[in-house]
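Report on the following structure.
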Amino acid sequence: MAQAAAVAKPPAPPRRRRASATPRRLPYLLIAPAALLMLGFIAYPVLSVFYYSLRNHNPTKPWRNGFAGLDNFTRAFAHDPQFWDTLTFSAQWVVVEVGLQLLFGLALALIVNQTFVGRALGRALVFSPWAVSGVLTSAIWVLLYNSQTGITRYLADAGLGSYGTSWLSDTSTVFPAAIVADLWRGVPFFAILILADLQSVSRDLYEAAEVDGASRLQQFRHITLPHLKDAIVLSTLLRAVWEFNNVDLLYTLTGGGPAGETTTLPLYIANKSVDAHDFGYASALTTVAFVILLFCSIAYLRLSKFGGDSK
Amino acid sequence: MITEIAPAPERTAAEPARPGRRRRAWDEVPRWQIYLPLTVYLLFTLIPFYWILLFALRPAGSTSLVPWPMTFEHFEKVWTERSFGTYFANSVYVGLATLVLTTVVALAGGYALARFDFRLKRGFMLALLCSQFVPGALLLVPLFQIFAELRMINSLGSVIIAETVFQLPLSMILISGFIRNVPYSLEEAAWVDGCNRLTAFRIVVLPLLRPGLIAVGSFAFVHAWNHFLFALMFLSDQGKQTIPVGLNTLMSADSVDLGALAAGGIIAAVPVVIVFAFIQKWLITGFSAGAVKG
């Protein structure tokens with residue numbers, strides 16, 4: 001079958017003649033390791049999640065295991081306010097994080113794209129949190145936010161705020177506190193990608209715009225921004241998916257608390273499957289998360305006219 | 001100030017030909033508009049780094065804002081008592097194994113995608129792209145079951161495989177892009193000289209791929225080094241755990257030992273900082289060549 005498939009392109013251009021002297025199976029052999037790994041450890045788990053979403057499956061209550069139809073989904077949408085809470089929080093988290101990361105990343109990229117003394121060092125320092133892990137970010141910000149020895153103590157020394165303030169355990173401050181911590185390591189991602197794309201803008205365009213008397217703001221709006229559009233659309237989408245799915249930071253920084261205030265949908269799913277062993281229900285929630293991500297991604301690409309007229 | 005702007009002197013010479021225009025407004029950004037926001041942002045970036053360094057280096061209980069007198073007691077403690085020595089070795093092993101496995105498998109697949117037309121190619125590419133949307137975090141339980149069946153729970157192999165699998169799609173797309181940038185005629189010339197395909201690849205293509213492979217390998221290493229969830233789930237034996245799990249254990253203790261946490265954090269950061277310094281110059285060109293432009 002593999003052979004038949006490879007033969008299906010017979011009239012190879014003359015340039016390819018020598019290539020066809022190698023076995024026709026070669027491309028399949030070359031992708032086989034990757035394909036097998038992805039089938040076994042991505043495709044199969046995904047399918048098993050879909051399968052279990054239609055079943056009751058709980059190792060601690062084996063007598064209830066069995067086909068459940070759409071019960072798990074009904075339970076999520078109709079009877080589980082926590083599902084809605086965590087979904088809303090996830091949406092809020094993704095929108096705020098990605099929006100602010102893009103804004104600051106774009107500004108930073110525009111700044112370090114200028115020519116100035118100390119640019120190389122400035123770039124290196126600005127980008128430095130890029131490779132810091134979620135857990136290490138948490139460790140750093142736990143030290144900063146610590147109520148006894150953290151930054152609030154020194155702010156209080158300076159007359160700002162009061163001693164013993166713990167931003168991470170107060171429901172009114174935990175959201176901005178966590179947002180800032182994640183921004184700290186998230187902004188460099190956008191700054192790097194946008195800077196990479198900025199380097200390919202032709203200088204001639206700016207010069208032509210100047211000849212026509214365009215201000216810097218106008219140049220930014222009519223030259224830079226359209227040029228960056230595809231990169232921005234793609235990186236915001238990838239980042240949004242990543243922010244939605246990523247649990248490292250919130251798991252270690254707040255553990256989803258206080259009082260479940262910062263529990264994202266993936267954290268809730270992890271709680272349901274790992275702690276509550278309610279695997280059927282967790283699978284249904286996972287399926288819902290998949291569908292939401294897929295739907296939002298397609299809608300986003302459509303609405304932004306990705307890869308379309310720009311440039 | 002304007003003298004430091006390098007490009008194309010002949011254009012500067014041509015400038016007087018357009019009287020009345022502002023000269024190069026884009027390059028004439030006032031310096032304060034660069035240095036002020038940059039300084040503010042750098043404070044935001046660097047204070048957290050300074051803070052963890054401060055806690056790692058000053059004695060326990062000190063409230064000084066400079067790490068003096070300096071002590072390495074926290075490092076000694078976390079390395080031996082909190083087994084960060086073991087975690088470090090495990091993390092290095094997982095990181096390097098993921099790097100090698102990802103690079104080799106992605107290189108083979110990337111070569112096939114770059115150099116052959118075959119029937120399943122489009123479908124395979126689509127699968128690679130779709131897999132970007134599959135969250136590893138949401139597949140924890142089925143993955144756990146698979147590794148349990150393979151009797152790989154509590155073995156570093158499970159984490160290595162899981163990290164590799166989720167690194168593969170992007171690595172393969174990037175590498176196939178790099179290979180496409182190497183002219184096919186170079187390889188064909190080597191065949192004419194009597195090399196077989198593998199030898200031709202090794203002596204002609206591979207050296208040209210080096211910057212790209214270094215970038216892809218470094219990403220794989222950093223991801224595996226940083227990633228937390230798979231190690232947390234698949235490794236319950238304390239002697240098998242990795243640095244991020246160790247950090248989490250320090251953080252979730254009832255009374256957090258801040259000095260030990262800071263020292264552990266520094267240990268976690270060192271290899272990443274080294275890799276980052278090493279690949280930084282490829283980061284921007286590598287991304288613009290491969291990832292965004294496809």
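The values are calculated or read from the model by the stated rules, or taken from the named source; none is laboratory data. In this text the structure is predicted, and so the values were computed from the model without any measurement. All Cβ positions, glycine included, derive from the backbone under ideal geometry; neighbour counts span all protein chains shown. These area figures cover heavy atoms from the full protein model, side chains too; ligands, DNA and RNA do not enter into them. Shrake-Rupley method; radii C 1.70, N 1.55, O 1.52, S 1.80 Å.
Values for this structure:
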{"read-out": "Residue A:203 versus residue B:133: modelled label distance in nm, points set 7 Å from Cα along the beta carbon direction", "value": "4.2 nm"}
{"read-out": "Translational diffusion coefficient (Stokes-Einstein; Kirkwood radius from C-alpha pairs) of the protein assembly as shown at 10 °C, 1.306 mPa s, in µm²/s", "value": "60 µm²/s"}
{"read-out": "Residue A:55 long-range amide H proximity, modeled H, under 5 Å", "value": "A:68"}
{"read-out": "Virtual spin-label span in nm between residue B:46 and residue B:32, 7 Å along Cα→Cβ", "value": "2.1 nm"}
{"read-out": "Segment B:17-144 shape via C-alpha gyration tensor axes, a/c threshold 1.5", "value": "oblate"}
{"read-out": "Cα gyration tensor shape of chain A, rounded if a/c is under 1.5, else prolate or oblate by comparing a/b with b/c", "value": "oblate"}
{"read-out": "Estimated vicinal HN-Hα couplings, Hz - segment A:82-97 in sequence order (Karplus 6.51, -1.76, 1.60; Gly, Pro = x)", "value": "5, 4, 5, 4, 5, 5, 4, 4, 4, 4, 4, 4, 5, 5, 5, 4"}
{"read-out": "FRET efficiency estimate (nearest 0.05) - Cβ-Cβ, residue B:125 to residue B:186, R0 25 angstrom", "value": "0.55"}
{"read-out": "Rounded accessible area per residue of the protein assembly as shown, 1.4 Å, Å²", "value": "46 Å²"}
{"read-out": "Cross-link pairs A:272/B:77; A:272/B:240; A:305/B:121 - those with Cα-Cα distance over 32 Å", "value": "A:272/B:77"}
{"read-out": "Segment A:240-266-segment A:87-141 distance, computed between alpha-carbon centres (Å)", "value": "19 Å"}
{"read-out": "Chain B: C-alpha gyration tensor shape, a/c 1.5 cut-off, then a/b vs b/c", "value": "oblate"}
{"read-out": "Rough spin-label spacing in nm, given labels placed 7 Å along Cα→Cβ, for residue B:64 and residue A:294", "value": "6.0 nm"}
{"read-out": "Loss of accessible area when B meets A, both sides summed, Å² nearest 100, probe 1.4 Å", "value": "9400 Å²"}
{"read-out": "Cβ-based net charge around residue A:78, under 15 Å, with every Lys or Arg adding one and every Asp or Glu removing one", "value": "-2"}
